[in-house]
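Presented below is the structure to which this report refers.
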C-alpha cells in the first residue's frame, strides 16, 4: 500500500504541476516549450479554437493530477477511483502514441507522454489489485 501511495503522489504531482502552469502560460511560452520537444507550432496558430482546446486539455489533466493525489490520501477508500484513473492513464498513453504516429510529429513529442501514461497506469493497476480484492472480501463479509 505504501508503494501505491508513493506512485500516486509522484504521478499526481508530475501531472498536476506542469498542467496547472500550462493553463496560465502565454501562447508564446507554450509554443516555445513545445519547441524543446521538436514540435514546430507557428505562433499564428493562436486561433480561438486552438487556445480553447489547449486550455481545456491542461485543466482536465490538472484535475486528473489532483484525483491521483486524492486517491493517495486514502487508498482503501478510493480504490475504485484509483483503478479508474489507472485505466484512463493507459488509454491516454495509447492514444498519445497512436495519434502521434499517425500525424507524424517528432517521436519525443508523444513517446514521453505515451510511455509515462502506460507505465504509470499499469503500475497503479497492478499495485491496486490486492487492495481491490481485500475491499471486495470485506464487503462480502459484511453483507
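Can you tell me how much longer the chain between residue 88 and residue 59 gets when fully stretched, taken as 0.36 nm per residue apart minus their C-alpha distance, in nm with one decimal?
Working: separation 29, 0.36 × 29 = 10.44 nm, distance 1.59 nm.
Length gained between residue 88 and residue 59: 8.9 nm.
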So the FRET efficiency between residue 14 and residue 48, C-beta based with R0 = 22 Å and rounded to 0.05, is 0.15
Would you mind checking the radius of gyration and Dmax of segment 2-142 based on alpha-carbon positions, in Å?
-> 17.3, 62
Extension reserve of the residue 28-residue 111 stretch, reckoned as 0.36 nm per residue once the Cα distance is removed | 27.5 nm
Among 91, 117, 19: highest mean-square fluctuation, GNM of the chain, C-alpha pairs under 10 Å | 91
Round to the nearest 10 and give me the degree value, 0 to 90, for the angle of helix 48-73's Cα axis relative to the longest principal axis of the chain.
-> 20
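Under the rule of -39500 (n - 2.57) per DSSP H run of 4 or more residues, summed and divided by the residues of the chain, what mean residue ellipticity at 222 nm is obtained, to the nearest 500 deg cm²/dmol?
Mean residue ellipticity at 222 nm (helix-derived): -29500 deg cm²/dmol.
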Quick one: helix 27-36 against the long Cα principal axis of the chain, what's the angle to the nearest 10°, folded into 0 to 90?
-> 80
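FYI, it's all coordinate maths here, none of it is from the lab. Since this is a predicted model, take the numbers as computed values, not measurements. Neighbour counts are summed over all protein chains in view; Cβ atoms, including those assigned to glycine, are modelled from backbone coordinates with ideal geometry.
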